[in-house]
Number of protein chains: 2
Amino acid sequence: MATIMDVAKLSGLSKTTVSRVINNHAYVSEEKRTLVLKAMEELDYYPNPAARRLRGQLTTTIGVVVPKIINPFFAYLVDAIEQAAYKNGYQVMIFQSNEDRTKELSFLNLLKTKQVDGIIMTAIENDWKAVEPFTKYGPIVLCNEYINEPTVPIVRLDQFKGTYLGIKHLIEKGHRKIAYCTGGLFAEEGKDKDRNRGYQKAMGEAGITVNPNWIFVDRHTIEDGKHVLKNVLEMDDRPTAVFTGSDEIAAGMIAEANEQGIDIPGDIAIIGFDDQPLAELISPKLTTVRQPVDQMGEKAAEVIINRLHDENAEICHYELPIEVIVRQST
Amino acid sequence: MATIMDVAKLSGLSKTTVSRVINNHAYVSEEKRTLVLKAMEELDYYPNPAARRLRGQLTTTIGVVVPKIINPFFAYLVDAIEQAAYKNGYQVMIFQSNEDRTKELSFLNLLKTKQVDGIIMTAIENDWKAVEPFTKYGPIVLCNEYINEPTVPIVRLDQFKGTYLGIKHLIEKGHRKIAYCTGGLFAEEGKDKDRNRGYQKAMGEAGITVNPNWIFVDRHTIEDGKHVLKNVLEMDDRPTAVFTGSDEIAAGMIAEANEQGIDIPGDIAIIGFDDQPLAELISPKLTTVRQPVDQMGEKAAEVIINRLHDENAEICHYELPIEVIVRQST
DNA sequence: CTCGCGTGTGGTATCGATTCCATAAAGGGT
DNA sequence: ACCCTTTATGGAATCGATACCACACGCGAG
């Protein structure tokens, strides 16, 4: 491993001058600059990031914290962030918190020691109170996750509208007995609350009262979807449509319905959330609320890089549009 | 950010002693040790990794390079590695190469500067000749990818057997006109070659000659699957079964078949590879060759951590078993 | 002719850890 | 009583970069 000293020796100059060339400082003659560049080339030299970090330098690395990488939603989100960051010369490190608060905090600690220059959080397990202190070490951007906190940049989707449109679509299809099956709790803050509001509003506008038996919370997986459908089928008074919080849950329900010979959407209509590739593969094809993950990831990368370049960049909240993709399950 | 100096001051001892405590060195009195530990606790101190790295220390971080994180196969693999590493006190950094040789090399460079202590590669874009020089900076373990090189630890699946069993299953179902649709090229080294050998062997044993028109290479995506099925359907002499190299391709084919009203497996049987959750969600449910990703990831983590603890640990190649999961598509 | 400023270059302290070396007290063997 | 080893601790150099400060040169203004 060539060091800055090797470059200095080979070019017959001092470390200082070499460092100036590396960091594009003023006051270096064109002559020496080319000399240094040649030496760097020859030695296949590039600066040791550990040393730079120790000096508190930026290193064009941004961290992305995801809860679970096996969740395709996050995989696509990370991919979008990665692509956008790479275009701007930034490297991305992906960290999986596994929904573990301690792990999440340990990732945030990377900011303190400049392991990463900034962090994009695609979910937030700890209270914002616990996360906030880290913002003084580098920019933190929330992406997809939503909290009521104007001091942090947030890129998110209009979950309220997404849910509202989804429910409205079901109502337009003639459904009035609409179940609601989501991750998160019904009373929670942020993203889930917005979704709940969307559900309530759409139902309210149609003059439908919500049946609490048809509310399922904290459901996330394919298995959850299967169970919920079983439950629903056993009800005396059963809903004719189910709004779900993710394509996984919806796919689980459809798989179970196919298993039991239930007709979708004839016997029961199902709408998903995300628009994953999966949605087009199952039969019937899944009607779903499309989340523009790519745009969201791209925007998040853009926002954090802006803040990296300009510490005082304005703190904005971005809300991206969301739409219903109608296929065959409703 | 508390530094080692702060801890030294607070405990009334020298940096040296503090460092000794941190690194569990001998010759520290129990009395001072507790003093130091208390100070560390009080200051919420933990060593700056950048400084440690600069001194060439290990930092319990392993890097995992994947080609595409949106590929569920790799997402699950990474997840398995992450879990296993975390249990052993190791942190995992995920890097996406996007099948870009330059990017892959830039990740390997992290080894040089001790950004990561070791690297697990789940794919290899460059020639081994280009990768090999990096092994002197830290352990590199190949996971899933297979090359003919005894100097590097490899954890992989028995692709040969997997394919052989898959084809054999089709033959047992009475098929003799079997198409083969895979990623990779037909003549390539490593993983793909093994699969090809498996196909050839199973066909050979049944006395079937391979029809070159039924060989599709370099197919990876859902879209590819749709196209291949279209092609197949237009053939005068069409195969009655298709062996595919991934569940995505297979799912794409089945989606297209459903679209066109083709009966699976009646008109054409399809077998996948991987056994992703997807396989159980589509209808008909996908018969597929199950790759034990979890085991593979776990093993890879174990192998690299072993080598991290003991530089001279034996270099082994592990081959994990693989089996056919029969569902409805064959 | 000198002062001051814009340019160009190098010496050296610094970041936060580890580690070699020096020092010193305690204990054991002869 | 003396030497040697074991145990315990601190001082200072070191890793590879950056950045402050000092210095030197050339040139136009006063």
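The values are calculated or read from the model by the stated rules, or taken from the named source; none is laboratory data. Owing to the predicted nature of the structure, the values given are computational and were not obtained by experimental measurement. So basically every Cβ, Gly included, is an ideal-geometry build from the backbone, and we count neighbours across all protein chains shown. The protein model used for the area step is the full one, side chains on, heavy atoms only, and it has no ligands, DNA or RNA in it. Shrake-Rupley method; radii C 1.70, N 1.55, O 1.52, S 1.80 Å.
Quick notes
- Segment B:Lys38-B:Glu189, length gained on full extension (0.36 nm per residue, minus Cα span): 48.7 nm
- The GluC sites (Glu not before Pro) of segment B:245-330 that meet both conditions, a loop assignment by DSSP and at most 15 other Cβ atoms within 10 Å of the site Cβ, are B:Glu311, B:Glu314.
- Probe 1.4 Å, accessible area per residue of chain B, Å²: 43 Å²
- Percent accessible area from carbon and sulfur atoms, segment B:4-47, protein chains only, probe 1.4 Å: 52 percent
- Label-to-label distance for B:Lys87 and B:Glu234 is 5.1 nm, based on points extended 7 Å past Cα in the beta-carbon direction.
- Chain B - mean residue ellipticity at 222 nm from DSSP helices (-39,500 (n - 2.57) per run, n ≥ 4, rounded to 500): -13500 deg cm²/dmol
- Within segment B:173-330, percent of DSSP bridges classed antiparallel, to nearest 5: 20 percent
- Prolate is the label for chain B. Its Cα gyration tensor axes, ordered a ≥ b ≥ c, give a/c of at least 1.5 and a/b above b/c.
- Mean Cα-pair separation over length for chain A, i.e. relative contact order, pairs under 8 Å, 6 or more apart, %: 17 percent
- Accessible surface of segment A:159-290, 1.4 Å probe, proportion on carbon and sulfur as whole %: 46 percent
- Buried surface between chains A and B: roughly 4300 Å² of accessible area, summed over both sides, computed with a 1.4 Å probe on protein heavy atoms only.
- Shielded residues, segment A:93-131 - accessible-area loss of 30 Å² or more between chain alone and all protein chains, probe 1.4 Å: A:Met93, A:Ile94, A:Phe95, A:Gln96, A:Lys103, A:Lys112, A:Thr113, A:Gln115
- On the rotation that sends chain A to chain B, the chain A Cβ lying closest to the axis gives residue and distance in whole Å as A:Ile94, 2.
- Between the Cα long axis of helix B:247-260 and the first principal axis of chain B there is an angle of about 40°, rounded to the nearest 10.
- For chain A, DSSP calls about 10 percent of its internal beta bridges antiparallel.
- Residues in segment A:53-79 that, when all protein chains are in place, have 50 Å² or more less accessible area than the chain alone would give (probe 1.4 Å): A:Leu54, A:Ile69, A:Ile70, A:Asp79
- Solvent-accessible area lost in complex, 20 Å² minimum, residues of segment A:177-223 relative to chain alone, 1.4 Å: A:Ile222
- Förster-model FRET efficiency, 56 Å R0, B:Glu323 and B:Leu58, C-beta, rounded to 0.05: 0.90
- The antiparallel fraction among DSSP beta bridges confined to the protein assembly as shown stands at about 10%.
- Along the axis of the charge dipole computed for the protein assembly as shown (Cβ charges of +1 for Lys and Arg, -1 for Asp and Glu, origin at the Cα centre), the listed residues A:Val66, B:Leu10, A:Ala50 are led at the positive end by B:Leu10.
- Unit charges on C-beta of K, R, D, E only; dipole of segment B:133-190, Debye: 320 debye
- For segment A:135-229, the list of trypsin sites (Lys or Arg not before Pro) that fall in a loop by DSSP and count at most 16 other C-beta atoms within 10 angstrom reads A:Lys173, A:Arg176, A:Lys177.
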